[in-house]
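Asker: A single structure is presented below for examination.
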């Protein structure tokens, strides 16, 4: 019988903390390793498409191309020893083959963590493995490209430290960009409209993926314990983040900070996606801290302190439990999000709603969550999530073709909050069923266990062509821009509606009118017109590209470069960046 797993070397932080490393056990029984890839990821160690950039990458890696950018050679992973001990003997930091193994192992490990909470596999666009380019660009950067789905990592020298800084060796950077890839895959519509809260969620989710991934490893938690004295409210390796990156950019003492310890209320957040992301990241971190404090054993009588080893063991247990509980609460709510956009207060409500579905008789954690969200101005009692009565049985439509499902959605347009008579075009809806395993469940005897839970999700969207008047030298031009809205109907395992989350969500005043969703959409259109008109007047028209055939201008916010995120959370707010719309689907296939 052959081996059931293969150890693959990885850094748990980056080369600035070389003692934090491990071997990830890649399960060969559930997947395959062939060449430098699996069914989920494929390492294509090639430079960016620009030939000049490719030649510069080749020169930095010591390759000698003949007129064309070369690919960096890879090992035959199925046959080779990929353990940390092997690469430690042969070289780590400047070894391109170790770079390839490290970035693949981090991505595979982190994706497994995310999929455990989502209850199923993330299917990348196109259905095949997601491409990873460890040496894509000769600059200190990393990014997920949603138009040609791939994770791309850069490298550069630094005046503050010797040698190259390889972003593919940073666990924080790799897991952050993978977080972008996951959210862009399960909610691709979030990149199709300039919506600041949706963009902020993208950045926050990527940072939270990094946080939760790091805390799975006892050696990282040990470092947190040593640096913070066992107090998660004090700075440590998990609140600094991407330390090598920060040192390379500014020198020792200036690491990039995710600012998880900052208290930034939603009402005070600026209209900038990166800075605004700190609202959600900080709130979720505070939720995790309070769950940890609630779970950690008391120190005993006054003056009695447990032995250091016991204190550490208790700390590890409670921190890892709290991190697992928190990521479960947050990640499960992703299924409930509307497919086109969300607000952070809506997400806060969905976290509590999702937890209530899983643990209807245990409100402890969502009570703490509501307390935190209220303090951060994220809780909105006025949001109405009550599901509508449907006149159609959705169960027979599971697995139906797009046309059949679209007709069913149109037939329930009023119940689902789709305004009629405004020229809306229904986009391809999806109906999926998910079964996931959840813990924190206790039986009658109080014994914790794990059980399975099934839910169904109907996601639908619609597109409204919006005319944006723009003043040019020759007069006023109506620029037509497609604006998307939509909703998610959540149903239980017996196909009974549980809740409806829509974009936009009608306000209490809207609900006093005969057509609340029409009023909400009209307000959304006005806000969008003002935003786009202001952008174009402000000289950012270069971010839009006209379709000569359709006469339509479309906007797409690229999932950001990591370097943009670093600058934004350390500097004054920066504006949205937009690029021409590609072939992004609104809803996952």
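Asker: Please find, among 193, 249, the residue that is modelled with pLDDT under 95, in a helix (DSSP H, G or I) and over 17 Å from residue 348 (Cα atoms).
Answerer: Checking each option against the conditions leaves just 249.
Asker: Take the residues of segment 395-422 that are in a loop (DSSP other than H, G, I, E, B) and without any contact (Cβ under 8 Å) to a residue 40 or more places away in the chain: which is surrounded by the fewest Cβ atoms within 10 Å (Cβ to Cβ)?
Answerer: My answer is 421.
Asker: So which residues in segment 139-160 are surrounded by fewer than 20 Cβ atoms within 10 Å (Cβ to Cβ) and more than 21 Å from the chain's Cα centre (by Cα), if there are any at all?
Answerer: Correct list: 139, 156, 157, 158, 159, 160.
Asker: For residues that are in contact with a helix residue (DSSP H, G or I) (Cβ under 6 Å, 6 or more places away or on another chain), outside any helix (DSSP H, G or I) and surrounded by fewer than 23 Cβ atoms within 10 Å (Cβ to Cβ), tally how many sit in segment 307-341.
Answerer: 0
The rows are residues; the columns are (1) under 20 Å from residue 35 (Cα atoms); (2) modelled with pLDDT of 95 or more; (3) touching a helix residue (DSSP H, G or I) at 6+ places or on another chain (Cβ under 6 Å).
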| residue | (1), (2), (3) |
| --- | --- |
| 55 | no, no, no |
| 62 | no, no, no |
| 71 | yes, no, no |
| 77 | yes, yes, no |
| 81 | yes, yes, no |
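Asker: Report every pair of residues separated by at least 6 positions or lying on different chains whose Cβ atoms are under 6 Å apart, first residue within segment 270-294 and in the same structural domain as residue 195 (by TED's automatic domain parsing) and free of Cβ contacts under 8 Å to residues at least 40 places away in the same chain, second surrounded by 24 or more Cβ atoms within 10 Å (Cβ to Cβ) and assigned to a helix (DSSP H, G or I).
Answerer: If the second residue must be surrounded by 24 or more Cβ atoms within 10 Å (Cβ to Cβ) and assigned to a helix (DSSP H, G or I), no pairs are left.
The values are calculated or read from the model by the stated rules, or taken from the named source; none is laboratory data. Everything numeric here is computed off the predicted structure, so don't read it as measured data. Cβ: placed from backbone, ideal geometry, glycine included. Neighbour counts: every protein chain shown.
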